[in-house]
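A quick write-up on the structure given underneath.
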Amino acid sequence: MSTISPVQLLLALCCSSIAAADVSADRDYPIVPVDFTRTSFEDGFWKYRLDINRQVTLPANFKKSEETGRIKNFAKAGGLMEGKHEGIFFNDSDVFKIVEGAAYTLALEYDAELDAYLDNLISIFAAAQEEDGYLYTARTIDPENAPAVVGRERWENIRVAHELYNVGHMYEAAVAHYLATGKRAFLDVAIKNADLICRVFGPGRKYAAPGHQEIEIGLVKLYRVTGNQSYLDMARFFIEQRGNAENREIFGDYCQDHKPLVEQDEVVGHSVRAGYFYAGAADIAALTGNDAYIAALDRLWENMVGKKMYLTGGIGAMRQGEQFGANYELPNESAYAETCAAIANILWNQRMFLLKGEAKYIDILERALYNGFLVGVSLTGDTFFYVNPLAADGYAGFNHGVAGRQPWFDCSCCPTNVVRFLPSLRGYVYAVRDDAVFVNLYIAGESKFTVKDVPISLAQHTDYPWDGNIRIAVAPEKEADFELRLRIPGWATGHPVPSDLYRYTDKNDSEITIAVNGKPVAATPDATGYVSLRRTWRPGDLVEMNLPMPVRRVVAHDAVESDRNRIAVERGPIVYCAEAVDNNGRVMHRFLADTPEWEMAQTAIIPGVAVPALTSEGGAVYRDAADQPDRVENEPVTLIPYFAWAHRGAGEMQVWLAKDAATAQPAPLPTLASTARVSVSHVWQSDTPAALNDLREPSASNDASIARFTWWPHKGTREWVQYTWDAPVSVGESAVYWFDDAPQGGCRAPKSWDLHYLFGNEWLPVQSPSEYDTALNQYNVVSFTPVTTTALRLSVRLQRDFSAGILEWKILEGK
């Protein structure tokens with residue numbers, strides 16, 4: 001191995017970029033982020049989050065991996081214990097991501113117990129690795145009976161099986177662990193596997209593009225730490241194979257495999273795969289000087305930021321396939337906006353900044369960081385969102401089937417991504433190019449690094465993101481000439497995003513001010529979005545900047561149908577939302593006043609944690625009777641930061657509020673169904689029982705615009721859903737709208753179904769029912785002899801090879 005500076009390589013771990021030392025290619029990123037181990041946080045916002053990640057999130061992730069068999073799978077593959085593979089075939093990647101986060105945590109604060117735990121875990125990884133370097137527990141445990149999706153032979157189902165995705169995360173974790181501890185055991189496992197990949201794939205060998213991108217990023221990190229050119233070449237090979245049908249079957253736009261990267265101009269397909277793809281391509285572009293890659297990444301970035309990104313920085317609008325929608329297709333209640341996708345967006349934008357040095361990339365990074373990412377983990381650090389809708393009907397969209405964030409998922413890519421990203425955040429604050437120091441994020445704390453061989457210290461004092469007053473104490477070891485480049489956020493100059501996708505409707509009459517040692521200096525940013533302060537700096541110099549933070553209303557491009565005649569609210573980098581708990585139990589029927597006057601006050605979210613809430617005049621629309629005009633009342637509207645919602649119980653939530661009474665959804669008339677409590681035999685974690693009685697009318701059985709309930713992945717079983725009332729009600733008719741996601745999905749109408757009512761403590765079948773139909777795209781109505789009861793149960797027999805689901809279930813009184 002080459003002799004390489006550990007500091008420079010540690011820099012590569014979290015920021016995925018480095019001006020490499022002895023292994024340097026002729027080219028690399030022109031800007032180098034300051035090593036995350038050289039920056040400390042001393043604020044009340046991010047320090048709390050990083051402490052919780054270390055103290056709560058990391059051990060909780062390891063515990064869940066032990067409980068769900070993820071770690072046992074490695075022991076089984078290594079012959080250390082008997083048993084079948086448990087869980088999803090790509091679960092190996094979850095464990096690798098947690099180890100990566102643990103390595104970053106060790107680098108920041110040594111923990112002997114964690115160090116020893118990792119040593120033992122890595123020995124199990126080594127045992128699970130086959131003689132030639134292959135490592136994939138879903139196959140190794142029992143090759144003859146591996147899951148069908150894995151295929152009978154290695155690499156047979158490379159589109160879906162995720163063999164290469166898994167090891168990409170292994171490479172990142174192994175490099176992180178080596179640089180944090182100096183121990184080679186895990187790195188040797190990764191090298192042995194990467195050498196196998198290089199023997200199997202490549203020109204004249206096996207032509208392939210991984211179904212889920214990630215190995216490209218991991219291979220680049222291995223290249224940086226080893227200097228092995230084969231790893232860089234293999235990463236580029238996988239990038240070049242995408243969209244190349246000359247020697248292989250291409251997988252289409254879902255995998256960004258519909259055309260070569262250099263011909264792509266629209267972000268399409270699975271959003272996490274896309275973000276990892278673009279991040280990996282940026283690495284290759286930087287290391288090889290590939291201008292065609294950079295031009296393609298520019299086009300793709302412009303398309304995403306201009307037409308396919310949520311105000312929160314979330315990406316991936318469509319529930320089906322976790323993928324981008326069409327241009328301007330950004331639904332709110334059915335938004336997917338996966339937490340992993342927000343992280344991928346951050347990773348990609350950091351690389352674009354390192355390539356070009358423009359503040360607009362950090363603007364998007366910051367927007368995703370404080371909103372689309374941060375909402376994905378609770379303030380307590382032990383529960384998570386997988387999906388992040390911008391409106392919810394009383395539960396967390398279709399996130400889990402129960403209210404609030406969840407401690408784990410069958411597919412737990414998001415919790416394990418959170419745990420590795422958070423400790424790396426310190427590496428996103430500062431960056432250096434020659435003698436220019438970029439100040440990208442405003443977070444109280446201190447950083448010590450070197451510029452042109454002169455040690456310097458920068459100490460930020462600020463209450464950002466709640467306050468725009470920022471003081472930076474500049475302390476070079478001795479007098480030094482260098483440039484300090486202060487990012488002026490787009491939100492501070494009147495531009496929420498660098499496109500016309502969103503714009504502010506309010507003017508900001510306050511001016512940005514900057515002073516050096518008390519003397520005002522020009523505060524107008526240059527074309528790249530920075531204010532340049534070039535001077536001879538001396539110990540004790542002080543930079544003071546004020547970024548005014550008025551409350552701003554946002555409107556979307558008129559082509560975004562979901563946001564027409566709606567208003568969102570921001571303050572600084574924070575997107576706000578209305579939550580039911582602050583607004584008398586509902587928000588969908590609320591609207592904002594034309595010229596709101598805002599009051600700000602602290603609101604407790606969890607014990608010990610409060611956030612600034614905004615309250616203004618507004619209105620609410622009520623529907624008293626079907627044959628009467630809607631009633632409009634003046635009622636205040638209270639908003640909290642979007643990242644803080646869903647900590648105080650189930651309830652409606654909305655980011656884009658109605659602009660007027662005509663746009664607001666009237667609080668609906670109560671029905672027998674909507675007043676019932678829902679219980680179910682089982683629900684898939686990404687769906688919700690609330691869909692049964694949310695009074696949302698389906699347009700078809702495959703309607704993806706509303707919440708749904710399914711029994712997935714149960715097949716061929718007997719299942720049920722139930723309504724329970726607090727007092728006896730008279731019922732005599734049921735209408736159910738079946739969910740069906742054919743041909744790609746696994747839900748169909750059930751084989752059969754029936755109704756039972758509760759009589760005392762006994763469930764009895766309803767009498768004289770009409771036909772129990774299973775027709776699609778309509779309500780299936782069953783009339784029966786009216787009964788008085790406190791509970792009604794709909795039972796189904798699922799088809800042998802399919803699950804089933806329901807979009808809406810109505811109950812009527814008997815005729």
> Near the amide H of Asp541, under 5 Å away, which other amide H atoms are found, from residues 5 or more places off or on another chain, if H is placed in the peptide plane?
Replying inline: Val474
> By the scheme Lys and Arg +1, Asp and Glu -1, what is the net charge of all other residues having a beta-carbon under 9 Å from that of Ala326?
Replying inline: +1
> Rg and Dmax of region 160-277 over Cα atoms: what are they, in angstrom?
Replying inline: 14.4, 44
>> For a quick check: with amide H placed at 1.01 Å from N, whose amide H comes under 5 Å from Val432's, ignoring anything fewer than 5 positions away on the same chain?
In response: Val32, Val34, Phe438
> How do Tyr110, Tyr178 stack up against each other in accessible area, from largest to smallest, with a 1.4 angstrom probe?
Replying inline: Tyr110, Tyr178
>> Of all beta bridges DSSP finds with both residues in the chain, what is the antiparallel percent, to the nearest 5?
In response: 95
>> At 1.4 Å probe size, put Arg426, Arg623, Arg27 in order of accessible surface, largest to smallest.
In response: Arg27, Arg623, Arg426
> Can you give the accessible area per residue of the chain, in Å², using a 1.4 Å probe?
Replying inline: 36
> Can you give the accessible area of Ser532, probe radius 1.4 Å, in Å² rounded to 10?
Replying inline: 60
> Once the piece of chain linking Met600 and Arg299 is laid out straight, how much longer is it, given 0.36 nm per residue of separation minus the C-alpha distance between them?
Replying inline: 104.4 nm
> Taking 0.36 nm per residue of separation and subtracting the Cα-Cα distance, what length does fully extending Ala626 through Glu329 add?
Replying inline: 103.7 nm
>> Which one, Ala102, Pro666, Trp537, projects farthest toward the positive side of the charge dipole computed for the chain from Cβ point charges (K/R +1, D/E -1)?
In response: Ala102
> Suppose R0 equals 30 Å; then what is the FRET efficiency for Lys452 and Glu544 from their Cβ-Cβ distance, rounded to the nearest 0.05?
Replying inline: 0.75
> Between Asn517 and Asp463, what is the label-to-label distance in nm when each label sits 7 Å out along the Cα-to-Cβ direction?
Replying inline: 3.0
>> Is there a quick way to get the dipole size of region 651-763? I mean about its Cα centre, with the Cβ of Lys and Arg at +1 and of Asp and Glu at -1; what is the value in debye to the nearest 20?
In response: 240
> Heavy-atom accessible area of Asp257 with all protein chains present, probe 1.4 Å, nearest 10 Å²?
Replying inline: 0
> Which residues in region 62-77 have a backbone N closer than 19 Å to a point placed 7 Å from the Cα of Glu131 along the Cα-to-Cβ line?
Replying inline: 77
> So for the pair Ser532, Lys183, with labels modelled 7 Å out along Cα→Cβ, what separation do we get in nm?
Replying inline: 4.8
> Based solely on its DSSP helices, what 222 nm [θ] is calculated for the chain when runs of n ≥ 4 H residues each add -39,500 (n - 2.57) and the sum is averaged over all residues, nearest 500 deg cm²/dmol?
Replying inline: -7500 deg cm²/dmol
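Please identify the DSSP H helices in the chain that span no less than 30 Å along the helix axis (Cα) and have a mean Kyte-Doolittle hydropathy of 0.5 or more.
none
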> If you take the beta carbon distance between Tyr207 and Glu86 as r and set R0 to 35 Å, what does 1/(1 + (r/R0)^6) give as a FRET efficiency, to the nearest 0.05?
Replying inline: 0.60
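How much length is gained if the chain between Asp773 and Arg199 is pulled fully straight, taking 0.36 nm per residue apart and subtracting their Cα-Cα distance, in nm to one decimal?
Taking Asp773 through Arg199 to full extension adds about 200.9 nm, to one decimal.
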>> On a 1.4 Å probe surface of the protein chains, which of His756, His177 comes out largest in accessible area, and what is the full order?
In response: His756, His177
>> Taking a cut-off of 45 Å, what percent of all Cα-Cα pairs in the chain are separated by more than that?
In response: 27
> What is the distance, in nm, between label points placed 7 Å from the Cα along the Cα-to-Cβ direction at Arg800 and at Glu113?
Replying inline: 5.2
> Roughly how many Å² of Arg159 are accessible to a 1.4 Å probe, to the nearest 10?
Replying inline: 90
> In debye to the nearest 20, how big a dipole does region 209-265 give about its Cα centre with +1 on each Lys and Arg Cβ and -1 on each Asp and Glu Cβ?
Replying inline: 300
>> With a cut-off of 8 Å between alpha carbons and a minimum separation of six or more residues, what is the relative contact order of the chain in percent?
In response: 10
> Going down the table (Lys97/Lys221; Lys72/Lys715; Lys308/Lys507; Lys76/Lys221; Lys97/Lys192; Lys97/Lys183), which pairs top 24 Å between alpha carbons?
Replying inline: Lys72/Lys715; Lys308/Lys507; Lys76/Lys221
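The values are calculated or read from the model by the stated rules, or taken from the named source; none is laboratory data. Note that the structure is predicted; figures quoted are calculated from it, not measured. Don't worry about glycine lacking a Cβ; one is built from the backbone with ideal geometry, like all the others, and counts go over all protein chains shown. Side chains included, ligands, DNA and RNA excluded: accessible areas come from the protein's heavy atoms. Shrake-Rupley method; radii C 1.70, N 1.55, O 1.52, S 1.80 Å.
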